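The values are calculated or read from the model by the stated rules, or taken from the named source; none is laboratory data. Because the structure is a prediction, the values reported are computed rather than measured. Here the Cβ positions follow ideal geometry from the backbone for every residue, glycine too, while neighbour counts run over all protein chains shown.
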């Protein structure tokens with residue numbers, strides 16, 4: 001008599017079954033990331049036309065803008081998974097959220113640095129208090145706050161849940177913060193110095209940025225999968241399967 | 001339910017009255033911080049007048065944030081917080097009572113003190129009035145958001161600085177529109193839009209923050 | 001009326017107890033025994049609903065306590081290690097606030113009567129910070145004298161810091177509560193001299209309940 005086993009995604013919601021899945025998928029996403037970023041960089045350096053006003057230095061926008069998009073997107077994803085972990089009480093979702101945070105913070109940092117590198121040749125200063133850069137700065141603080149809170153709480157479940165509440169509060173606040181900073185920036189600075197109103201988008205430029213964004217996205221998934229594997233090993237170290245896993249690798 | 005809120009309020013106000021020093025210290029902190037800025041940037045009148053809305057708001061924000069340490073931590077230490085969680089009244093109501101008493105003890109004194117400090121910066125009369133109104137609407141928002149931060153970091157080591165790290169980024173919109181309101185009046189344009197937005201923030205935080213705070217308290221007590 | 005099924009408690013990395021089952025009904029006293037660190041306080045906190053167990057569930061009158069948290073909280077009184085007294089409030093004021101939050105009348109005469117039960121009525125107007133350990137414990141326990149109508153009493157080491165007279169008074173109060181149909185769950189290092197036939201014992205050292213009807 002044959003028993004048909006229905007395949008269920010819930011199978012992967014336990015850390016033990018997700019661990020090997022993450023290990024298998026990770027190299028593929030890493031490869032995709034390298035591929036897409038290579039294509040994106042090629043477009044940004046060789047295909048996209050030179051800008052009339054800013055010359056070649058504007059090309060950093062191909063890293064700056066996708067990094068900024070990713071930083072915001074990852075915060076939303078992080079908020080989503082922590083929320084799931086809070087409501088459904090699943091450990092793996094919280095682990096994924098914890099694993100996402102450093103990558104999100106990294107992209108925020110990249111956005112800030114590339115913003116500075118763009119500002120110097122274009123407007124002569126290393127930092128401009130424009131809407132996007134200031135919002136990115138505040139977003140960096142939100143990421144750091146999330147990581148600091150989780151690091152400061154010893155009890156793991158409490159750290160997960162507290163981080164979830166913070167992340168959800170952050171998700172609600174991010175549009176408000178962005179709107180406020182945008183308003184503040186237009187009021188005080190006038191229209192001259194603004195990275196949001198940069199060179200009008202030629203189609204190739206947009207394509208380049210989208211491909212870079214996809215590349216960053218693949219990188220984020222790859223990095224998060226790798227990190228989540230480490231988080232799983234660390235948190236589940238009392239279980240037999242982890243002991244076997246680590247023992248087998250020695 | 002209102003009765004329970006009333007009793008929480010009454011208890012906290014009684015405690016504040018018996019420890020008046022704590023309330024006064026926070027107010028003195030506000031005054032000192034405000035006085036630091038002219039010492040730092042020079043006494044030139046027009047520069048101070050331009051800076052005044054921002055300086056007063058930042059100082060108010062910091063004073064509010066410092067007083068968050070008194071919100072839940074003492075209750076956590078002597079066991080009264082545990083009893084509030086077991087009270088059989090909705091925790092949201094009791095949290096609302098705590099936040100209201102926190103605002104009365106830390107936010108309201110700032111509202112009353114601010115005009116005097118505004119005079120030190122030579123702000124005109126209508127700007128002073130708007131300063132008061134903006135603080136009146138804005139400081140409850142600071143208390144509400146701060147309560148969530150205080151609840152999340154309850155009993156955590158290094159919680160003083162951690163609360164600052166969590167809560168200050170969330171304070172940014174209130175700061176922008178609060179200081180912006182005063183700046184707009186000083187510049188001659190109207191402050192209605194700013195104050196309306198602040199009112200919007202207040203409405204949003206009144207609805208959302210008590211729930212987040214209650215959830216955070218339950219998480220902290222586990 | 002209170003039933004625990006397969007309760008498990010994990011604190012940090014340690015599993016304190018698992019597969020804990022017990023049932024306590026009206027007129028019964030449950031004594032939780034176990035060495036220091038065996039999880040007695042954690043178990044009481046789980047019973048109160050402050051902490052969720054890592055496995056298993058608790059049912060009050062057939063319904064899981066998670067689903068009706070406020071209703072369940074109204075049916076219990078918890079007095080833990082901490083006295084839940086505000087240092088700057090007098091014993092009387094502390095009791096008034098406690099009573100009011102529990103939905104009872106906070107009338108001063110009633111409060112004084114309750115304080116008198118434990119012999120601290122003379123401390124009523126003194127701030128809690130000037131009271132001795134024993135007096136504070138008694139001021140905290142005075143709440144029980146008002147809680148006859150609350151079915152479930154959960155007490156963590158209630159006898160600690162009490163003198164002989166106060167211990168007797170507390171035992172008297174517990175007995176009265178049990179005889180009138182209430183339930184008591186407590187942890188203590190000493191033997192409880194209460195109505196003998198109603199004592200149920202849970203021994204956490206064994207990780208499972210050894211139900212010994214005395």
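So which residues in the range C:65-89 are more than 8 Å from every other protein chain (Cβ to nearest Cβ), touching a helix residue (DSSP H, G or I) at 6+ places or on another chain (Cβ under 7 Å) and either surrounded by fewer than 16 Cβ atoms within 10 Å (Cβ to Cβ) or part of a strand (DSSP E or B) (or both)? Scanning the range C:65-89 gives C:77, C:79.
The set of residues from the range B:79-111 being within 14 Å of residue B:12 (Cα to Cα) and free of Cβ contacts under 8 Å to residues at least 40 places away in the same chain comprises just one member, B:80.
Condition test on residue B:183, is it within 11 Å of chain A (Cβ to nearest Cβ), without any contact (Cβ under 8 Å) to a residue 12 or more places away in the chain and in a helix (DSSP H, G or I)? Taking the combined requirement at face value, the residue does not satisfy it.
Which pairs have Cβ atoms under 9 Å, sit 6 or more apart or on different chains, and link a residue in the range A:166-184 that is more than 7 Å from every other protein chain (Cβ to nearest Cβ) to one that is outside any helix (DSSP H, G or I) and surrounded by fewer than 18 Cβ atoms within 10 Å (Cβ to Cβ)? Partner pairs satisfying both residue conditions: A:182/A:196. Considering only residues of the range A:51-72 that are free of Cβ contacts under 8 Å to residues at least 60 places away in the same chain and within 18 Å of residue A:214 (Cα to Cα), which is farthest from the chain's Cα centre (by Cα)? In this case the residue turns out to be A:59.
Restricted to the range B:23-116, the set of helices (runs of 4 or more DSSP H) holding at least 2 residues that are in contact with a strand residue (DSSP E or B) (Cβ under 8 Å, 6 or more places away or on another chain), under 25 Å from residue B:206 (Cα atoms) and within 14 Å of chain C (Cβ to nearest Cβ) comprises B:80-85.
Out of all the residues in the range A:124-136, is one or more modelled with pLDDT of 90 or more, farther than 25 Å from residue A:175 by Cβ and not in a loop (DSSP other than H, G, I, E, B)? No, the conditions are met nowhere in the range A:124-136. Take the range B:154-164 and flag every residue that is more than 7 Å from chain A (Cβ to nearest Cβ) and either under 16 Å from residue B:67 (Cβ atoms) or in a helix (DSSP H, G or I) (or both). Answer for the range B:154-164, where residues must be more than 7 Å from chain A (Cβ to nearest Cβ) and either under 16 Å from residue B:67 (Cβ atoms) or in a helix (DSSP H, G or I) (or both): B:154, B:159, B:160, B:161, B:163, B:164.
Scan the range C:97-117 residue by residue and report those that are within 8 Å of chain B (Cβ to nearest Cβ), within 27 Å of residue C:159 (Cβ to Cβ) and in contact (Cβ under 8 Å) with a residue 12 or more places away in the chain. Answer for the range C:97-117, where residues must be within 8 Å of chain B (Cβ to nearest Cβ), within 27 Å of residue C:159 (Cβ to Cβ) and in contact (Cβ under 8 Å) with a residue 12 or more places away in the chain: C:98, C:102.
When the range A:134-155 is examined, which residues are found to be more than 8 Å from chain B (Cβ to nearest Cβ) and farther than 18 Å from residue A:112 by Cβ? Matches in the range A:134-155: A:150, A:151, A:154. Taken together, the residues in the range A:147-159 that are under 15 Å from residue B:158 (Cβ atoms) and either assigned to a helix (DSSP H, G or I) or at pLDDT 95 or above (or both) amount to 7. Restricted to strands (runs of 3 or more DSSP E) entirely inside the range C:99-214, those with at least 1 residues that are at pLDDT 90 or above and buried (at least 17 other Cβ atoms within 10 Å of the Cβ) are C:152-156, C:183-187.
Scan the range C:35-64 residue by residue and report those that are in a loop (DSSP other than H, G, I, E, B), within 12 Å of chain B (Cβ to nearest Cβ) and touching a strand residue (DSSP E or B) at 6+ places or on another chain (Cβ under 9 Å). C:49, C:50, C:51, C:53, C:54, listed by residue number. Please indicate, with yes or no, whether at least one residue in the range B:1-10 is within 14 Å of another protein chain (Cβ to nearest Cβ), surrounded by fewer than 16 Cβ atoms within 10 Å (Cβ to Cβ) and not in a helix (DSSP H, G or I). Yes. Scanning the range A:149-167 for residues that are touching a helix residue (DSSP H, G or I) at 6+ places or on another chain (Cβ under 7 Å) and surrounded by fewer than 20 Cβ atoms within 10 Å (Cβ to Cβ) returns A:152, A:156, A:158, A:159. Candidates A:90, A:108, A:114, A:125: the one that is away from chain B (no Cβ under 14 Å) and either within 30 Å of residue B:160 (Cβ to Cβ) or free of Cβ contacts under 8 Å to residues at least 40 places away in the same chain (or both) is A:125.
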